[in-house]
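The values are calculated or read from the model by the stated rules, or taken from the named source; none is laboratory data. The structure presented is a predicted model; accordingly, all values stated were derived computationally and were not measured. Positions of Cβ are generated from backbone atoms using ideal geometry, with glycine treated the same way; all protein chains shown enter the neighbour counts. Keep in mind that these areas ignore ligands, DNA and RNA; they rest on the heavy atoms of the full protein, side chains included. Shrake-Rupley method; radii C 1.70, N 1.55, O 1.52, S 1.80 Å.
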Amino acid sequence: MHRRFSRREFLIAAGTVAAVSASRESSAAPRASVIPFERLSDAAEKSARRIVDMHVHFDEKNPNFIGDLVKVCERLNMTACVLTPYPNRKLIAEAAKQYPTRIVPFGFVDLDAPDVVQQVEELHTLNYRGLGELEFVKKPYTDPAYMPVYELANRYGWVVLFHTGIVLRKKFDEPEDVASHRMRAFYLEEIARRFPKITVVGAHCGNPEYQWAAEVARWNPNVFFDLSGSTLTKMHARLSEFRNIFWWSSTEEGTKSPENDPSAFVKLVFGSDTSLDGIERVLAQYRALFEACDVPARTQSLILGGTLAKILGLPE
Ligand SMILES: [Zn+2]
């Protein structure tokens, strides 16, 4: 509902070459070391290779979106959390029933809509598994007006994806009531603590406030971040700097982590936030990050899918 055009179209409209240069970078991106699958059983191999993409926006302009998505999912052994505008809720609810290993329905609601609570209740009856991407809010995420939605999400034990950090501008010539400061990563700390049954995922790792994002994730077991957006393009030549941001590996300074994994990077999850043909490019960017930061193979598979598969209880 919020997007008039895709992010790629937006970048082109904005006169940048970021999207073009990003795709060039990915073809040259180094591959991270591979998991030694020969030592794993078939089932373990399959789950180690599993990808869960936390950040797939439903594309209202593609009449064959579901078919195209399922094809990509089959090719990549991927499950997509489909961020679905409220008017499209029934279509994706049906698709999720038909493809339970490929599609997980998430409700892309407007927190400022007067009937947002009723929308969320209806999404629950349609077997939605969470909300997101919450963004373009009129007030900071911790405003009391939004608490009834978080209370419901907490009761349902949902995963909620919040946009964090810098946000695109859709209109260049007209006034727009949108501001990134209302969506700063540190707001997620209060939501995670007041609503401990919500799994809070921050999109874009707070770009550019990565330090705040990582510290909030470090102290809160129910907080994770994805690295979708421009960050992995911006940082492609200095990805090792993320070692200083996710710094607490194998120390006693972190909280409980998935599978008790000692790597600080386990607080990341995979999210692409791109068109269907761009998902592999983002995967290559994540793998370049893994290589630059020596992320262990076991942690890689949790980031790329294991963590979310467990939280969402996905079928094999
Ligand atoms: Zn976003």
| request: Give the residues of the range 158-179 that are surrounded by fewer than 22 Cβ atoms within 10 Å (Cβ to Cβ) and either closer than 16 Å to A203 by Cα or within 16 Å of the ligand (Cβ to nearest atom) (or both), sorted by residue number. | output: I166, V167, L168, R169, K170, E176, V178, A179
| query | In the range 272-302, what residues are closer than 17 Å to L239 by Cβ and not in a helix (DSSP H, G or I)? | reply | C293, D294, V295, P296
| request: Among what's in the range 211-230 and is within 15 Å of the ligand (Cβ to nearest atom) and not small (G, A, S), pick the residue that is farthest from K256 (Cα to Cα). | output: L227
| Looking only at the range 257-271, and only at residues there that are over 16 Å from the mean Cα position of the chain (by Cα) and not in a helix (DSSP H, G or I), the one that is farthest from H57 (Cα to Cα) | P262
| Assuming M235 fulfils every condition listed in (1) within 16 Å of the ligand (Cβ to nearest atom); (2) open to solvent by less than 20 Å² (accessible area, probe 1.4 Å); (3) farther than 23 Å from A192 by Cβ apart from one, which condition is it? | (1)
| Members of the range 86-114 found to be aliphatic (A, V, I, L, M), open to solvent by less than 50 Å² (accessible area, probe 1.4 Å) and over 14 Å from V160 (Cβ atoms), listed by number | I92, A93, A95, A96, I103, A113
| Just one of R155, R182 is closer than 29 Å to Y286 by Cα, open to solvent by 10 Å² or more (accessible area, probe 1.4 Å) and not polar (S, T, N, Q); which is it? | R182
| query | Could we say that T251 is of a type outside the set (D, E), at negative phi and within 15 Å of the chain's Cα centre (by Cα) here? | reply | no
| message | Cβ-Cβ under 7 Å, sequence separation 6+ or interchain: first residue in the range 73-86 and at positive phi, partner open to solvent by less than 10 Å² (accessible area, probe 1.4 Å) and not in a helix (DSSP H, G or I). Which pairs? | response | N77/I51
| request: Examine the range 229-243 for a residue that is in contact (Cβ under 8 Å) with a residue 24 or more places away in the chain, among the polar types (S, T, N, Q) and either in contact with a His (Cβ under 9 Å, 6 or more places away or on another chain) or part of a strand (DSSP E or B) (or both), and state whether such a residue exists. | output: yes
| Any chance G202 is within 15 Å of the chain's Cα centre (by Cα), part of a loop (DSSP other than H, G, I, E, B) and closer than 24 Å to T255 by Cα | no
| field | Residue under evaluation E133, criteria (1) open to solvent by less than 40 Å² (accessible area, probe 1.4 Å); (2) charged (D, E, K, R); (3) away from the ligand (no atom under 16 Å from the Cβ), criterion not met | value | (3)
| note | Filtering the range 255-278 for residues that are more than 16 Å from the ligand (Cβ to nearest atom) and open to solvent by less than 30 Å² (accessible area, probe 1.4 Å) leaves a count of 8
